[in-house]
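The values are calculated or read from the model by the stated rules, or taken from the named source; none is laboratory data. Owing to the predicted nature of the structure, the values given are computational and were not obtained by experimental measurement. With ideal geometry, Cβ positions are generated from the backbone for all residues, glycine too; neighbour counts draw on all protein chains shown. Areas reflect the complete protein model, heavy atoms only, side chains present, ligands, DNA and RNA absent. Shrake-Rupley method; radii C 1.70, N 1.55, O 1.52, S 1.80 Å.
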Amino acid sequence: MEALIPVINKLQDVFNTVGADIIQLPQIVVVGTQSSGKSSVLESLVGRDILPRGTGIVTRRPLILQLVHIDAEDRRKTNEENASKKNGRLHKGIEGEEWGKFLHTKNKIYAEFEEIRKEIEAETERITGNNKGISDEPIHLKIFSPHVVNLTLVDLPGITKLPVGDQPNDIEIQIRELILKYISNPNSIILAVTAANTDMATSEALKVAREVDPDGRRTLAVVTKLDLMDAGTDAMDVLMGRVIPVKLGIIGVVNRSQLDINQKKLVADSIRDEYAFLQKKYPSLANRNGTKYLARTLNRLLMHHIRDCLPELKTRINVLAAQYQSLLNSYGEPVEDKSATLLQLITKFAAEYCNTIEGTAKYIETAELCGGARICYIFHETFGRTLESVDPLGGLTTIDVLTAIRNATGPRPALFVPEVSFELLVKRQIKRLEEPSLRCVELVHEEMQRIIQHCSNYSTQELLRFPKLHDAIVEVVTSLLRRRLPVTNDMVHNLVAIELSYINTKHPDFADAIGLMNNNLDEQRRSRMRDLPPSVPRDKSFKSPVGQSVSPSEPLALEGEAAKAAAGGLQSGSVSEQGDGGTGNWRGMFKKGEEGLPADRTTPQPLPAVSPHRGHAVNLLDVPVPVSRKLSAREQRDCEVIERLIKSYFLIVRKNIQDSVPKAVMHFLVNHVKDCLQSELVGQLYKTTLLNDLLTESEDMAQRRNEAADMLKALQKASQVIAEIRETHMW
């Protein structure tokens with residue numbers, strides 16, 4: 001058990017060599033208010049004056065103090081080692097039985113403890129200056145002595161409330177954060193120091209200890225200055241734990257006064273006087289208090305604590321060793337064959353890029369869609385939904401349809417709905433599909449660019465070693481994508497242009513839609529016939545305007561291309577209606593029974609003739625054209641026919657575009673880049689003249705590789721130290 005503390009000291013030395021604080025080793029952290037006697041307690045444990053003294057805040061940097069117990073054989077061995085290193089010449093004072101060593105001074109031996117104190121002061125001012133500020137950078141000091149027990153202690157700045165002198169205004173917060181940093185270590189024991197001449201209930205040390213150790217399982221209280229209590233009072237209740245109970249116990253000590261320090265009173269003499277004081281004032285508690293009992297208690301607590309922490313430390317060290325091994329592997333070995341290395345990196349990047357698109361990459365993103373999955377989402381979700389949201393008749397009003405019909409007829413009244421108007425309007429609607437199609441190409445292009453960064457960050461860590469090669473690869477792939485973008489855009493533009501170039505009214509889906517629409521129109525016509533007044537003759541047949549016999553249940557026959565395209569759906573129903581209600585067409589038959597029709601369908605009265613000889617001449621071009629008006633039955637029917645045909649044909653084209661655009665993007669952009677990426681990279685970068693430049697490592701890469709290698713060695717050495725303990729069955 002006693003050898004466990006030197007093991008921790010060895011581990012501390014191992015990690016000190018690499019300047020790392022990644023392992024939280026068991027240690028005793030001394031916490032207390034300013035001038036509560038912390039430094040005196042530490043000096044009592046050491047048995048020497050080693051800490052700076054003065055008024056105000058003196059400890060301004062954490063002091064990690066390792067006490068190493070040695071015997072005569074250890075001293076003799078140390079002398080022989082130093083003699084061999086110095087060719088027979090010993091370090092100054094090494095013949096003495098006690099000495100110290102600082103981490104920052106390497107192997108320098110300090111046999112005079114006055115020099116140790118001065119070095120602590122000098123090292124403190126080197127970092128913090130002389131303005132009473134503090135720093136969290138620790139000072140490592142190791143004391144070798146036959147009069148100490150094996151301990152690892154951390155002395156921290158005393159808790160204060162108000163800044164003094166040149167101290168910063170937030171000095172209280174800085175000290176508190178520094179203390180919490182050390183006592184938050186679950187492997188540490190908290191030594192809470194409180195002066196006996198203050199109220200225990202107001203102890204700042206115990207208060208801050210309870211914040212991180214509410215159960216008190218790793219807190220030991222020390223009551224100092226027992227000899228300075230008011231006359232007539234004692235600390236019996238405090239030492240017995242009746243005021244504030246502490247699980248690990250409460251130990252009282254007597255410190256040297258400032259007068260004793262000024263008179264150079266030895267620590268050994270002070271310990272004898274302390275023992276005499278305790279025997280006189282607290283005879284029943286004398287054997288459970290005092291500096292010697294405190295040292296033994298701390299040694300025992302630390303050994304048991306180390307025994308409990310070692311299994312977890314071993315696991316932690318093994319995990320970190322595996323992590324640093326992986327990190328070192330990612331940094332790679334120094335390049336020997338540059339040609340092979342360059343070709344290997346190019347091939348690996350190209351493979352990872354293609355695998356990311358195919359979904360077979362080693363590193364799969366879990367936070368968001370990436371690569372081929374995102375391209376699929378663009379095709380079927382983003383692009384598909386955008387096309388579905390395009391209204392077939394969006395931006396097209398009934399007046400627009402009617403105007404197109406009239407413009408297509410020219411100066412002659414039309415017997416049928418012109419087919420030209422349908423083509424004109426449906427092309428206008430199809431043109432609206434081009435913009436979302438080009439946007440789809442742009443989104444896929446952006447995702448192909450993002451894949452480059454994904455491969456650089458996750459898939460090919462080796463590229464981070466060579467920033468120039470990384471930049472060159474990014475430039476080559478970006479250039480390839482940039483060249484393919486216009487080609488893909490042209491193809492998508494051509495897909496829309498192809499649909500605009502020929503309106504195929506013989507398309508099977510379109511013919512089916514027309515047939516269904518004609519059936520609906522026939523049904524509407526029959527319904528209107530059934531609703532006619534009884535006075536209207538209901539012959540099974542009647543004469544059409546051209547003298548043909550037409551059944552009311554059949555669509556009027558059309559001639560020319562209009563009949564072929566619409567199969568009777570494009571017809572206006574008859575020749576143009578006469579304003580005077582003439583009987584020259586089949587609607588005239590209905591006009592004759594106007595007395596039986598509703599009042600709102602009366603025959604329009606002819607306008608009075610205007611003679612040019614009366615008054616001023618009339619300029620017909622000045623007559624305002626109404627923007628909106630109530631459409632006639634024929635106009636409504638014509639517009640409805642055109643709108644239905646436009647919607648039917650637009651849906652057919654939209655379906656074609658929704659299918660063909662993703663195929664074009666995959667062929668002209670995605671698959672082309674996949675097929676040509678490696679050959680493009682090799683052709684652009686695999687050149688003898690570029691080898692040295694492309695494979696130049698970043699400035700800090702070699703340094704990081706060395707640091708990772710040193711840390712890995714330290715972790716492996718620490719693992720061996722713990723393994724040796726396990727072999728000797730020490731826990």
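Some notes on this structure:
- Shown is the FRET efficiency for Glu336 and Arg217, computed with R0 = 56 Å from the Cβ-Cβ distance and rounded to the nearest 0.05: 0.50.
- Whole-Hz ³J(HN,Hα) from phi, Karplus 6.51 cos²θ - 1.76 cosθ + 1.60, for segment 167-181, glycine and proline x: 5, x, 5, 9, 4, 4, 5, 4, 5, 5, 5, 5, 5, 5, 4
- For segment 436-498, the fraction of C-alpha pairs farther apart than 19 angstrom is 42 percent.
- Label point at Cys676 placed 7 Å out along Cα→Cβ; residues across segment 469-501 whose backbone nitrogen lies under 20 Å: 472-495
- Largest accessible area first, the listed residues Arg242, Arg428, Arg654 line up as Arg242, Arg428, Arg654 when surface is computed with a 1.4 Å probe on the assembled protein chains.
- Sites Glu381 and Ala709 - FRET efficiency at Förster radius 60 Å, r taken between beta-carbons, to 0.05: 0.80
- With each label modelled as a point 7 angstrom along the Cα→C-beta vector, the Asp400-Ser698 pair spans 5.5 nm.
- Accessible area in the full protein assembly, largest first, 1.4 Å probe, for Asp213, Asp391, Asp230: Asp230, Asp391, Asp213
- Remark: the Val487-Asp166 segment gains 108.5 nm on full extension, using 0.36 nm per residue and subtracting the alpha carbon distance.
- You can think of it this way: the chain between Ala367 and Ala723 has 124.1 nm of extra reach, that is 0.36 nm per residue less the Cα-Cα gap.
- Backbone geometry of segment 468-479 corresponds, through the Karplus equation with coefficients 6.51, -1.76 and 1.60 at θ = phi - 60°, to 3J(HN,Hα) couplings of 5, 5, 4, 5, 5, 5, 4, 5, 5, 5, 4, 5 Hz, x marking Gly and Pro.
- For the set Lys247/Lys281; Lys106/Lys207; Lys427/Lys663; Lys161/Lys247; Lys108/Lys713, the pairs lying more than 32 angstrom apart at their alpha carbons are Lys106/Lys207.
- Counting only protein heavy atoms and using a 1.4 Å probe, the accessible area of Arg450 comes to about 90 Å².
- Counting 0.36 nm for each residue step from Asp273 to Thr198 and taking away their Cα separation leaves a gain of 24.8 nm.
- Here the spin labels are modelled as points 7 Å beyond Cα on the Cα-Cβ line, and at Ala322 and Asp308 they lie 2.7 nm apart.
- Ranking of Cys309, Cys376 by solvent-accessible surface, largest first: Cys376, Cys309 (1.4 Å probe, protein heavy atoms only, all chains present).
- Sequence-distant residues sharing a close amide H with Ile139 (under 5 Å, placed H): Leu63, Ile64
- R0 of 60 Å, Cβ-Cβ distance Glu125-Val420: FRET efficiency to nearest 0.05: 0.05
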